[in-house]
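Working notes for the structure below.
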Amino acid sequence: SAAAKRRTGRLPQYCPAAFGANGRVRCIRNRERMIYMTIALTAHDAKKELMVQFCIAYCGILSHHSLCGVLSRHKLCATGTTGKLVSEATGLEIQRYLSGRQGGDQQIAARIACNEIDLLLFFRDPLTQKEAESDRAQLLRLCDVHNIPVATNIATAEALIHALERGDLDWRNIVHAG
């Protein structure tokens, strides 16, 4: 749809979302209205530095301030330690919850269940077994139940962040409006 238009310069005819009732092409993305996505960040201990590096690289997209020379429009929240490390390294404004072991995962899960999170970046360490793994599995299950895009590794996180920047996740705004 919108991505297809950028690639080809026109919208495909088979894209019904692109056309209004009068047959005219309607605005797929409203650039005049500031729409904030809420992005939750969490990471296993072995992946926290990777999360910090990822956020440094993409702070212009993640921030809703004019950091890194890019005006972006997203709110961030994170479990305690992850949020502290990312905030200190990037200067990003992050709403911090408790650490994962102390209930931060459940706090993010509650926001997912209330449809207050639009995207979850959860860098997991698949090689080590964690005692709080059931809490983290609950996060992933809730994302599936509530159709929240989730990335568990840096490759998927990059794909989702670029999709967010292109507007491919703007459908989440319909969820909030309805």
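The values are calculated or read from the model by the stated rules, or taken from the named source; none is laboratory data. None of the values given here were measured: they were computed from a predicted structure. For the accessible areas, the whole protein counts, side chains as well, though only heavy atoms, and no ligand, DNA or RNA atoms are used. Shrake-Rupley method; radii C 1.70, N 1.55, O 1.52, S 1.80 Å.
Roughly speaking, what is the stretch gain from E165 to N147, that is 0.36 nm per residue apart minus the C-alpha to C-alpha distance, in nm to one decimal?
Working: separation 18, 0.36 × 18 = 6.48 nm, distance 1.89 nm.
Net length gain for the segment: 4.6 nm.
Largest first, what is the accessible-area ranking of S99, S134 with a 1.4 Å probe? List each step's numbers first, then the result.
Numbers: S99 30, S134 85 Å².
Largest accessible area first, the list is S134, S99.
Of the residues R101, R141, R111, ranked by 1.4 Å probe accessible area with the largest first, the sequence reads R101, R141, R111.
Computed from phi, the 3J(HN,Hα) profile of the stretch 146-156 under the Karplus parametrisation 6.51, -1.76, 1.60 (θ = phi - 60°) reads 9, 6, 9, x, 9, 10, 10, 8, 5, 5, 5 Hz, with x in place of Gly and Pro.
Within the straight-line cut-off of under 20 Å between alpha carbons, the aspartates and glutamates reachable from K48 are E88, E93, D105, D125, E131, E133, D135, E158, sequence neighbours fewer than 8 places apart in one chain being disregarded. Taking amide H as placed 1.01 Å from N in the peptide plane, the amide H of L119 sits under 5 Å from that of T38, A40, each at least 5 places away or on another chain. Where does the Debye-calculated log10 I(q)/I(0) of the stretch 73-178 sit at q = 0.11, 0.13, 0.23 Å⁻¹, using only Cα point scatterers of equal weight, no solvent? Once normalised to I(0) and log-transformed, intensities are -0.34, -0.48, -1.54.
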